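Down below is the structure, laid out as structure tokens.
No lab work stands behind these numbers, since they all come straight from the coordinates. Because the structure is a prediction, the values reported are computed rather than measured. Positions of Cβ are backbone-derived with ideal geometry, glycine not excepted, and every protein chain shown enters the neighbour counts.
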There are 2 protein chains.
Amino acid sequence: MDTVRNYKILDCTLRDGGYYTNWDFNKELVHTYFKSFNELPVDYLEIGYRSSPMKEYLGEYFYCPIYVLQEAKSLSNKKLVIILNEKDVRPEHVKDLLEPCKDLIDMVRIALDPEYLGRALRLAEEIKKLGFEVGFNVMYMSKWKQYGDFLNQIKEVDAVADYFYMVDSYGGVYPQDVKEVINLVKERTKCKIGFHGHNNMELALINSLTALEHGADIIDATVTGMGRGAGNLKTELLLTALNASQGLKTDFNALSAVVDVFERLQQDHGWGTNLPYMVSGANSLPQKDVMEWVTRRFYSFNSIIRALYNQKEKVQDN
Amino acid sequence: MDTVRNYKILDCTLRDGGYYTNWDFNKELVHTYFKSFNELPVDYLEIGYRSSPMKEYLGEYFYCPIYVLQEAKSLSNKKLVIILNEKDVRPEHVKDLLEPCKDLIDMVRIALDPEYLGRALRLAEEIKKLGFEVGFNVMYMSKWKQYGDFLNQIKEVDAVADYFYMVDSYGGVYPQDVKEVINLVKERTKCKIGFHGHNNMELALINSLTALEHGADIIDATVTGMGRGAGNLKTELLLTALNASQGLKTDFNALSAVVDVFERLQQDHGWGTNLPYMVSGANSLPQKDVMEWVTRRFYSFNSIIRALYNQKEKVQDN
């Protein structure tokens, strides 16, 4: 679409947004999604997890069965991506999980805790053997400096990964942190670098632009920011900003068509930031609990914030 | 509350939020507002406009009659502020409009187009004679460099103003723009400097923190970002960020109480950014029209964005 830009964009709305719909999406929405993105300057679409069966009910885009992937492939002109949760998948599962996807999927990403980089490296070897591009989505970047071993091991990803992602899991990093961490990473790997920002503090755009400015090769975003907790960088915000500042060619009719269907879904599920997510982001506290408290609408904001502060001070609380 | 900080915070929810409620607010909400802010590290509350009678209906906080100011004064322990629209007020109106407020209001701000700085200076002289603090809220900072005369005249505010505000009317400036403009201003005036950010591009927080870092003395914000068009920097976001990064002492129970009542109001009025506001912000297009189009829900996003692009290219369109 535009050949001069030196970075890629990955939209992961269906994958990250699935936290709000339990990975169920209706057919009409999915069609609008793929059709709209065919006209937009985005390179990769991450459509879900690929997982072994779990005990509780989880929707289509948590498992991405072959018929889901085939339909996506038939509707989309983009590179397609799935992600694995490192904690749930071992190297011996890779062949069964991924061999059937060989002609349907271009990249497999691994979501991992930095503590398990070693295990993820062995998993990646198996994935690479099947010929996929491989991405490492490494969580908790605001705490990486506390994981000394992890920083020393980063160089080992060169052998097995195409993209090494910094994930701002808490949505609490600032542009100066992005700059600092990207430099730490660039000193240690020749891998292409990605940034996945959460929007608790409304810093996802400026953090992503800062990452690009300091040499990031790929940026993640989701339509309307739909994603776990406070959500992600909004795809429409990233494209609008790059269109105005760098002339990124963007079809705003296609963009508004896909934004429109997700905004309607948002009225039911209410993702986006709010005071409890801001507090969890600003203090690097896990937003998994906050998401449960907020979406159940059972607790007052007051009690959520009190609970968060107790977590921060490691006081026990119900 | 905390004596060491070297900057002030002004909350202007009732004034800027009035664009969504036609400056009507119910008594209970107003009570919660003042009571909560009594416990929060905010210095000034701007409660509305003071205006001569207009033809169309406009609510209490557009006129701020004396009984409204008296009630605010009785409920609040903060400095109280009103704002005048420079385009609607002449020096000869000042005595009638403002003399009755002398013991109720601490600061009077003037919202002005940079083109009319000369006229605003004469207006400010009259206001200053009555003993108020005076603020200049100068709009369109993304275009100031195109107003050569304005930049040359800035030094004249020293004689009549306490605060000189950079207003990002379009919500489209980036941190590097804030840094550039604040330096242009600091070279020209000894006045204390303020920043009023809009949130079209979700840059209001980082722009405000950048302004503080480069010497701004006062920051504007509104609860839940309630304000014209895409809205403002969210007060709760600013306080949460400063609490976590600088130890600003913040009562989160009081903060969540006031956020809660405005979030309920937001469900009816739906302020906040969206794709049309992002496009208007990124391209410095007026958001007044966009606000009308979006809130009437009569036009599709597609047609709004097409209209915005036509404005940008100066094509006529209905």
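Taking 26 Å as the cut-off for C-alpha to C-alpha distance, list the pairs among A:K312/B:K79; A:K55/A:K192; B:K129/B:K192; B:K35/B:K128; A:K179/B:K190 that go past it.
Numbers: A:K312/B:K79 33 Å; A:K55/A:K192 36 Å; B:K129/B:K192 19 Å; B:K35/B:K128 30 Å; A:K179/B:K190 33 Å.
Checking Cα-Cα distances, A:K312/B:K79; A:K55/A:K192; B:K35/B:K128; A:K179/B:K190 exceed 26 Å.
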Take every DSSP beta bridge with both residues inside the protein assembly as shown and express the antiparallel ones as a percent of the total, to the nearest 5. 5 percent
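Would you please classify the overall shape of the protein assembly as shown from the alpha carbon gyration tensor, given that a ≥ b ≥ c denote the square roots of the eigenvalues, rounded means a/c under 1.5, and beyond that prolate means a/b larger than b/c while oblate covers the rest?
Prolate shape, in that a/c is at least 1.5 and a/b is the bigger ratio.
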Amide H of A:T273 versus every other amide H placed in the peptide plane: which residues, excluding those fewer than 5 positions away on the same chain, fall under 5 Å? none
With a point put 7 Å past each Cα toward its Cβ, work out how far A:R264 is from A:Y57 in nm, to one decimal. 2.3 nm
Karplus ³J(HN,Hα) for the range B:7-16 (6.51 cos²θ - 1.76 cosθ + 1.60, θ = phi - 60°; Hz, whole; x = Gly/Pro) runs 9, 10, 10, 10, 9, 10, 4, 5, 6, 7
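Going by C-beta contacts inside 10 Å, put B:M201, B:M54, A:M141 in order with the fewest on the left. Intermediate results must be reported in sequence, preceding the final value.
Details: B:M201 28, B:M54 10, A:M141 25.
In order of increasing Cβ crowding within 10 Å: B:M54, A:M141, B:M201.
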Restricting to Cα pairs below 8 Å that are 6+ residues apart, what does the relative contact order work out to for chain B? Please round to a whole percent. 17 percent
Alpha carbon centroid spacing (whole Å) that separates the range B:125-168 from the range A:219-269: 37 Å
Give or take rounding to whole Å, what are the principal axis extents of the alpha carbon atoms in the range A:1-66, in descending order? 47, 24, 23
Each residue of the range B:219-234 in order: what ³J(HN,Hα) in whole Hz does its phi give by Karplus 6.51 cos²θ - 1.76 cosθ + 1.60, θ = phi - 60°, with x for Gly and Pro? 10, 8, 7, 9, 5, 6, x, 4, x, 2, x, 5, x, 10, 4, 7
Output the relative contact order of the range A:29-71, whole-number percent, from Cα pairs under 8 angstrom with separation of 6+ residues. 30 percent
Name the residue, out of A:E46, A:E125, A:E56, whose mean-square fluctuation peaks in a Gaussian network model built on chain A with Cα pairs under 10 Å. A:E56
Tell me the distances, shortest first, between A:S245 and the same position across the other copies, using label points 7 Å along Cα→Cβ, in nm to one decimal. 1.7
Helix-derived mean residue ellipticity, 222 nm - over chain B, DSSP H n ≥ 4, -39500 (n - 2.57), to 500: -13000 deg cm²/dmol
Do you know the relative contact order of the range B:97-158, to the nearest whole percent, from alpha carbon pairs under 8 angstrom that are 6+ apart? 40 percent
Under the Karplus relation with 6.51, -1.76 and 1.60 and θ = phi - 60°, whole-Hz ³J(HN,Hα) for the range A:90-101, x at Gly and Pro, equal 10, x, 5, 8, 4, 4, 4, 6, 10, 4, x, 9
Return the long-range amide H neighbours of A:F164 (sequence gap of 5 or more, or a different chain), with a cut-off of under 5 Å between placed amide H atoms. A:F136, A:K192, A:I193, A:G194
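Quick one: dipole size for the range A:114-261, taken about the Cα centre, charges +1 on Lys/Arg Cβ and -1 on Asp/Glu Cβ, in debye to the nearest 20. If you can, show how the numbers build up before the last one.
Numbers: 15 positive and 19 negative charges, 58 e Å.
Dipole of the range A:114-261, to the nearest 20 debye: 280 debye.
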Among the aspartates and glutamates, which have Cα under 12 Å from the Cα of A:K102 when same-chain residues fewer than 8 positions away are ignored? A:E133
Between B:T222, B:T210, B:T235, where does the largest GNM mean-square fluctuation fall for chain B, given springs only between Cα atoms within less than 10 Å? B:T210
What residues qualify as long-range amide H neighbours of A:K79, i.e. H under 5 Å apart, gap of 5 or more or another chain, H built at 1.01 Å from N? A:L45
Gaussian network model of chain A, springs between alpha carbon atoms under 10 Å - residue of A:V134, A:V167, A:V68 with greatest fluctuation: A:V68
Label zone at B:R5 (point 7 Å along Cα-to-Cβ), backbone N below 19 Å, the range B:162-181: B:163-166
For the range A:34-86 and the range B:1-48, write down the distance between their C-alpha centroids in whole Å. 46 Å
